[in-house]
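Engineer: Please find one structure pasted underneath; my questions will follow.
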Amino acid sequence: MKIVVISLCLLLTSWDLFSQSESPLYDSVLAKSLGSDDYGMKSYILVMLKTGPVEIKDEAKLDSFFTGHMENIVQLANLGKLIVAGPFSQNEKSYRGIFILNVRTFEEASTLLNSDPLIKAKVLEPELFEWYGSAALGEYLKVHTRIEKKHF
């Protein structure tokens with residue numbers, strides 16, 4: 001019986017070692033402004049852009065669609081809806097690029113994606129996934145504008 005009581009006391013006193021504690025650096029105002037949960041995380045929609053079924057051979061038309069694609073990326077970023085965008089190198093899976101959208105639903109993501117000329121023309125085809133990541137992810141764009149020498 002004495003061993004059981006000692007074991008129980010050790011278990012209860014060591015529980016604090018395994019419990020989670022609040023960070024001394026926690027900024028509740030910042031966390032709220034970024035939509036953060038208690039872990040500093042939030043949900044996003046991850047978009048994998050892959051080669052679509054339509055191939056446009058007219059170079060001028062394709063250039064126009066790519067110009068519109070880049071303008072759309074800038075517009076969505078300025079609205080705070082696009083957190084990350086970037087192309088992939090050529091690969092065997094036909095993945096062309098990635099977006100991380102600062103939205104919670106596939107419906108809202110689809111509405112935003114349909115504003116992209118390359119997606120509307122089916123040159124690019126999006127695959128959507130729910131993704132859970134740092135709520136601070138969008139803050140990097142503020143730094144990016146300070147290190148970007150040229151922009152689209």
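The values are calculated or read from the model by the stated rules, or taken from the named source; none is laboratory data. It should be emphasised that the depicted structure is a prediction, and the values quoted were computed from it without experimental measurement. For neighbour counting, all protein chains shown are included, and Cβ atoms are generated from backbone atoms with ideal geometry for every residue, glycine included.
Engineer: Give the residues of region 23-50 that are closer than 19 Å to F99 by Cα, among the charged types (D, E, K, R) and over 13 Å from the mean Cα position of the chain (by Cα), sorted by residue number.
Structural biologist: K50, the sole residue that qualifies.
Engineer: Still on this model: Any residue that is among the aliphatic types (A, V, I, L, M), assigned to a helix (DSSP H, G or I) and at pLDDT 85 or above - is there at least one of those in region 6-27?
Structural biologist: No.
Engineer: Which residues, taken from region 115-152, are hydroxyl-bearing (S, T, Y) and farther than 30 Å from E59 by Cα?
Structural biologist: The answer is Y132, S134, Y140, T145.
Engineer: Is one or more of the residues making up region 109-117 in contact (Cβ under 8 Å) with a residue 60 or more places away in the chain, more than 22 Å from S33 (Cβ to Cβ) and of a type in the set (D, E, K, R)?
Structural biologist: no
Engineer: What single numbered condition from (1) within 16 Å of Y44 (Cα to Cα); (2) surrounded by fewer than 16 Cβ atoms within 10 Å (Cβ to Cβ); (3) in contact with a Ser or Thr (Cβ under 8 Å, 6 or more places away or on another chain) fails to hold for I98?
Structural biologist: In the conditions (1) within 16 Å of Y44 (Cα to Cα); (2) surrounded by fewer than 16 Cβ atoms within 10 Å (Cβ to Cβ); (3) in contact with a Ser or Thr (Cβ under 8 Å, 6 or more places away or on another chain), I98 misses (3) alone.
Engineer: Determine which single condition T145 fails, assuming it passes every other condition in (1) among the hydroxyl-bearing types (S, T, Y); (2) under 26 Å from A31 (Cα atoms); (3) within 16 Å of the chain's Cα centre (by Cα).
Structural biologist: All conditions are met except number (3).
Engineer: Of everything in region 111-127 that's touching a Leu at 6+ places or on another chain (Cβ under 7 Å) and among the aliphatic types (A, V, I, L, M), which residue is surrounded by the most Cβ atoms within 10 Å (Cβ to Cβ)?
Structural biologist: Selected residue: L118.
Engineer: Does region 65-104 hold any residues that are at negative phi and part of a loop (DSSP other than H, G, I, E, B), and which are they?
Structural biologist: Listed by number, the residues that qualify are L79, K81, F88, S89, Q90, N91, E92, K93, N102, V103, R104.
Engineer: Same structure, new question: Of the conditions (1) of a type in the set (D, E, K, R); (2) assigned to a strand (DSSP E or B); (3) surrounded by 12 or more Cβ atoms within 10 Å (Cβ to Cβ), E108 satisfies every one except a single condition; which number is it?
Structural biologist: All conditions pass for E108, except number (2).
Engineer: Quick one: count up the residues across region 134-143 that are free of Cβ contacts under 8 Å to residues at least 24 places away in the same chain and either among the polar types (S, T, N, Q) or farther than 17 Å from L101 by Cα (or both).
Structural biologist: So the count comes out to 1.
Engineer: I'd like the residue in region 47-95 that is of a type in the set (V, I, T) and closer than 17 Å to Y132 by Cα and, out of all such residues, is surrounded by the fewest Cβ atoms within 10 Å (Cβ to Cβ).
Structural biologist: V84
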